[in-house]
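Read the structure below first, then the notes.
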């Protein structure tokens, strides 16, 4: 009877911990990044004039790709941390350990594919750009 209550408590505490971790991540990492860009456009326009702040299409695409890669990196980090917690809380259960290991391996493979695609695109773009 007590063992069932303890397992239920562990499952609930894992969920509470993960929600708390994501909120902590969102508040401490993401919020300052969003707030840091506030007002920079007006500052650039006042300092350099309105024509100096115009961006080309390639600059805009580069910023979007950089943001997507940063998002992919954050997702990778979250998946690896989640897989690590799954592995720690597996308590020797071989099925849970395999599930956690597969999650971590899948996250590493996904990040490798995304970074390889970016490197190939950058290389082909530099050759075509010449």
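Where helices (runs of 4 or more DSSP H) fall wholly inside the stretch 1-107, the ranges with 3 or more residues that are modelled with pLDDT under 70 are 2-25, 31-36, 40-48. Go over the candidates 58, 106 one by one and state the one that is within 23 Å of residue 25 (Cα to Cα) and free of Cβ contacts under 8 Å to residues at least 40 places away in the same chain. After ruling out the rest, the residue left standing is 106.
The values are calculated or read from the model by the stated rules, or taken from the named source; none is laboratory data. Note that this is a predicted model, so its numbers are computed, not measured. Positions of Cβ are generated from backbone atoms using ideal geometry, with glycine treated the same way; all protein chains shown enter the neighbour counts.
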